Amino acid sequence: MSGFRYKIVGRADDMLKVKGVPVYPAAIEGVIHSFVPRLTGAFRIVLEERPPRVMPPLKLKIEHGENVYQGDLPALEQEIQEKMHRDVKIRPAIIWLEPNTLERATKKTQLLERLYEDKPSGQGGKA
C-alpha cells in the first residue's frame, strides 16, 4: 500500500496546519514536557489568525525552568526546535517567559492564546 500515513496525536478539532503539516497541540505538549525540569512544562501556542491554518513560524510562549539562566536559553531553544522538527515537523519561534508567568488552570489548561478578533457571524462575504 502506498501513500501518506498520518499519526493522529490529539483531537481533530484542535489540529493546526503549519505549511500544510498537521500539528496537534498534544504533540507539542509532549515535546515540551520531555524537557522538564529545564522547562516548567507550561506553554501557550500564540495564534494571530483563526485556526486551523497558521502562518509560519508557529509561535510558542514557553516558561523556562527555575535553574535555567538567560545564557542557557539559546542552546535550549535550539534543542527544542530540533526535537520539534524531528517529532512534530515544525520549527517554532520561541518566546521565553520566566517560571510561573502563565496562568495555571485547575481543570483543562487552555493551550491556545488567541490574538485575533472573532468576526461577528452573518457578516461573511468579501469587501
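Taken together, the values in this text are just the output of simple stated rules run on the coordinates, not laboratory data. A quick note: this is a predicted structure, and the numbers were derived from the prediction, not measured. Note that each Cβ is placed from the backbone with ideal geometry, even for glycine, and that neighbours are counted across all protein chains shown.
Just subtract the alpha-carbon distance of Q78 and L112 from 0.36 nm times their residue separation and send over the number in nm, one decimal. Present the calculation step by step, with values, prior to reporting the outcome.
Values: separation 34, 0.36 × 34 = 12.24 nm, distance 2.25 nm.
Using 0.36 nm per residue and subtracting the Cα-Cα distance, I get 10.0 nm.
What is the extension gain from A93 to K61, computed as 0.36 nm multiplied by their sequence separation minus the C-alpha to C-alpha distance, in nm to one decimal?
On the way: separation 32, 0.36 × 32 = 11.52 nm, distance 0.86 nm.
Taking 0.36 nm per residue and subtracting the Cα distance, the gain is 10.7 nm.
Report the Stokes-Einstein translational diffusion coefficient (µm² s⁻¹, integer) for segment 24-86, Rh taken as the Kirkwood radius over Cα pairs, at 37 °C with viscosity 0.692 mPa s. Write out the running numbers ahead of the final one.
Numbers: Rh = 12.5 Å.
Rounded, D is 263 µm²/s.
I'd like the projected area of segment 14-127, averaged over all directions, using the convex hull of its alpha carbons. Report it in nm² with one decimal. List each step's numbers first, then the result.
Values: hull surface 34.3 nm².
Average of the hull's projected areas for segment 14-127 equals 8.6 nm².
DSSP loop (so not H, G, I, E, B), at most 15 other Cβ within 10 Å: list which chymotrypsin sites (Phe, Trp or Tyr not before Pro) in segment 18-127 pass both filters.
Passing both the DSSP loop test and the Cβ count: Y69, Y116.
Identify the GluC sites (Glu not before Pro) of segment 11-57 meeting these criteria: DSSP loop state and at most 15 other C-beta atoms within 10 Å of the C-beta. Spell out each step's value before the answer.
Working: sites: E29, E48, E49; in loops: E48, E49.
In loop regions of segment 11-57 (DSSP not H, G, I, E or B), the sparsely surrounded GluC sites (Glu not before Pro) are E48, E49.
Work out the length of the dipole vector of segment 16-114 about its Cα centre, built from +1 on the beta-carbon of each Lys and Arg and -1 on the beta-carbon of each Asp and Glu, and round it to the nearest 20 debye. Provide the component values of the computation, followed by the final result.
On the way: 16 positive and 13 negative charges, 122 e Å.
So the dipole magnitude of segment 16-114 works out to roughly 580 debye.
What aspartates and glutamates does K19 reach when the alpha-carbon gap must be under 15 Å and sequence neighbours fewer than 8 apart in one chain are set aside?
Those aspartates and glutamates meeting the cut-off are E49.
Are there any trypsin sites (Lys or Arg not before Pro) in segment 25-127 that are in a DSSP loop and have at most 16 other Cβ atoms within 10 Å? List them by number.
Working: sites: R38, R44, R53, K59, K61, K83, R86, K89, R104, K107, K108, R114, K126; in loops: R38, K89, R104, K107, K108, K126.
Listed in order of number, the matching sites are R38, K89, R104, K107, K108, K126.
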